[in-house]
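For reference, the structure discussed in these notes is given below.
The values are calculated or read from the model by the stated rules, or taken from the named source; none is laboratory data. Everything quoted here is computed from the prediction, not taken from an experiment. Backbone-built Cβ (ideal geometry, glycine too); neighbour counts: all protein chains shown.
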């Protein structure tokens, strides 16, 4: 009996292993939410046929830390680090921005991320926002993700904790410790000032306090961790926690990104995110891949950089950290694929013999503009660079209307 697939992508170039070192050509058959089969010359029998001969397929990207609602503030926080007081006009607007405005901004950020090849978003909400409206937006787009909110909205809903210098930080730890175990995300020790403040107040680092409360575990995502001791890294690794670096934002804010060699030495899982568009302006995760590679080279020399490790950090390692299947191009895995256009001046030349340079070009050359198609959970959400999951002009209009209620726009 002939197979019945929903989508067949033929003759596409893809990594044939988790290490992104070996690349093959073949066909991808997708049925429902899953990759049904991968192989050469699969039967051309599917609801939709796509010619992949000019495409590179990689697992869909995981953006493990962003603030989607901060799309509203894009371009408004220039020239200031996180510990500097914001001007009065910022707080006047901040205190009056509604949930509806924030969801309009987040919708724009999610669509922009999707256009840049992201198939999973870990969104960190500010403390006044509830999770369900943002979960609803992701669901309407068909974009998988996790919404971390300060107020639980389900038995195991992802939880965000305030950073260590926020009001009632210790009280928030106590409250979180009484909840059933769940994914936790926190801006941890982002600056030396914040680390010094919590140590002066409690005699403990943030990492140690999380551990004291049973909140440091394999589903804990320590964002930034720019200021740290060896004992912090050792403890986080021992508990199976992850660090999420946002190198572009950290560089723009004048912070120091966690050294990937140090993370590896302690056996610490290192993932990547863009941070909010208010901090680094872009939702393009490829920017952070390149920045992390450049920081790695600056600290340890160009020969130390392992680009394959960085690609793993935004694909299968992120999926494993979340405890979900995905991030790999294998039969039986979720059908999450990012397809980039080959044969362009952005990425070429792509060489297979006597050396392989595809992973290098993806990390150093690729941008979101190279994305042709995106498949998430088996659904084609971006085709020929155009988002099918939302009406982009309407999304842009809603963003402008929301921002225009607070600021004067050029257009």
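Could you run through the range 221-256 and say how many residues are touching a strand residue (DSSP E or B) at 6+ places or on another chain (Cβ under 7 Å), assigned to a helix (DSSP H, G or I) and more than 16 Å from residue 164 (Cβ to Cβ)? Residues flagged as touching a strand residue (DSSP E or B) at 6+ places or on another chain (Cβ under 7 Å), assigned to a helix (DSSP H, G or I) and more than 16 Å from residue 164 (Cβ to Cβ) within the range 221-256 amount to 1. When the range 363-385 is filtered for residues that are outside any helix (DSSP H, G or I) and either under 23 Å from residue 281 (Cβ atoms) or at pLDDT below 95 (or both), the ones remaining, listed by number, are 365, 366, 367, 371, 374, 382, 385.
Note on the range 172-205: among residues that are in a loop (DSSP other than H, G, I, E, B) and touching a residue at least 60 places away in the same chain (Cβ under 8 Å), the one that is nearest to residue 275 (Cα to Cα) is 190. Could you go through the range 285-307 and let me know if any residue there is touching a residue at least 60 places away in the same chain (Cβ under 8 Å), farther than 30 Å from residue 69 by Cβ and either part of a helix (DSSP H, G or I) or not assigned by TED's automatic domain parsing to the domain that holds residue 363 (or both). So far as the range 285-307 goes, yes, one or more of its residues are touching a residue at least 60 places away in the same chain (Cβ under 8 Å), farther than 30 Å from residue 69 by Cβ and either part of a helix (DSSP H, G or I) or not assigned by TED's automatic domain parsing to the domain that holds residue 363 (or both).
For the range 35-71, the set of residues classified as part of a strand (DSSP E or B) and surrounded by fewer than 17 Cβ atoms within 10 Å (Cβ to Cβ) consists of 39, 47, 48, 49, 51, listed by residue number.
Of all the residues that make up the range 150-162, how many are crowded, with 21+ Cβ neighbours inside 10 Å and either touching a helix residue (DSSP H, G or I) at 6+ places or on another chain (Cβ under 8 Å) or modelled with pLDDT under 95 (or both)? Spell out the reasoning first.
Here is the first cut: in the range 150-162, the residues crowded, with 21+ Cβ neighbours inside 10 Å are 158-161.
Still in the list and also either touching a helix residue (DSSP H, G or I) at 6+ places or on another chain (Cβ under 8 Å) or modelled with pLDDT under 95 (or both): 159, 161.
Looking only at that region, the number is 2.
On inspection, residue 114 fails the criterion of being over 16 Å from the mean Cα position of the chain (by Cα) and surrounded by 23 or more Cβ atoms within 10 Å (Cβ to Cβ).
Just one of the numbered conditions (1) assigned to a helix (DSSP H, G or I); (2) without any contact (Cβ under 8 Å) to a residue 40 or more places away in the chain is not true of residue 167: (1). Of the numbered criteria (1) under 23 Å from residue 114 (Cβ atoms); (2) touching a strand residue (DSSP E or B) at 6+ places or on another chain (Cβ under 6 Å); (3) not assigned by TED's automatic domain parsing to the domain that holds residue 119, the one residue 32 fails is (2).
Taking the criterion of being modelled with pLDDT under 95 and in contact with a strand residue (DSSP E or B) (Cβ under 6 Å, 6 or more places away or on another chain), the only residue of the range 163-183 that qualifies is 163.
Any residue that is assigned to a helix (DSSP H, G or I), touching a helix residue (DSSP H, G or I) at 6+ places or on another chain (Cβ under 6 Å) and touching a residue at least 40 places away in the same chain (Cβ under 8 Å) - is there at least one of those in the range 355-362? Walk me through how you get there before you give the answer.
Quick first cut of the range 355-362, residues assigned to a helix (DSSP H, G or I) only: 358-362.
Within this subset, residues satisfying the condition of being touching a helix residue (DSSP H, G or I) at 6+ places or on another chain (Cβ under 6 Å) are 359-360.
Next, only the ones that are touching a residue at least 40 places away in the same chain (Cβ under 8 Å) stay: 359-360.
Looking through the range 355-362, at least one residue is assigned to a helix (DSSP H, G or I), touching a helix residue (DSSP H, G or I) at 6+ places or on another chain (Cβ under 6 Å) and touching a residue at least 40 places away in the same chain (Cβ under 8 Å).
Kindly indicate whether any position in the range 73-80 is in a helix (DSSP H, G or I) and either in the same structural domain as residue 278 (by TED's automatic domain parsing) or loosely packed, with under 13 Cβ neighbours inside 10 Å (or both).
So the first thing to find is which residues in the range 73-80 are in a helix (DSSP H, G or I), and the list is 73.
Next, only the ones that are either in the same structural domain as residue 278 (by TED's automatic domain parsing) or loosely packed, with under 13 Cβ neighbours inside 10 Å (or both) stay: 73.
Within the range 73-80, one or more residues are in a helix (DSSP H, G or I) and either in the same structural domain as residue 278 (by TED's automatic domain parsing) or loosely packed, with under 13 Cβ neighbours inside 10 Å (or both).
The set of residues in the range 8-28 that are under 26 Å from the mean Cα position of the chain (by Cα) and either closer than 25 Å to residue 144 by Cβ or part of a strand (DSSP E or B) (or both) comprises 9, 12, 13, 14, 15, 16, 17, 18, 19, 20, 23, 28.
Condition test on residue 409, is it over 21 Å from the mean Cα position of the chain (by Cα), under 23 Å from residue 328 (Cα atoms) and assigned to a loop (DSSP other than H, G, I, E, B)? No. Considering the conditions (1) more than 30 Å from residue 403 (Cβ to Cβ); (2) touching a residue at least 12 places away in the same chain (Cβ under 8 Å); (3) in a loop (DSSP other than H, G, I, E, B), residue 282 is excluded by exactly one of them, (1). For the range 257-279, residues that are in contact with a strand residue (DSSP E or B) (Cβ under 9 Å, 6 or more places away or on another chain) and outside any loop (DSSP other than H, G, I, E, B) total 8.
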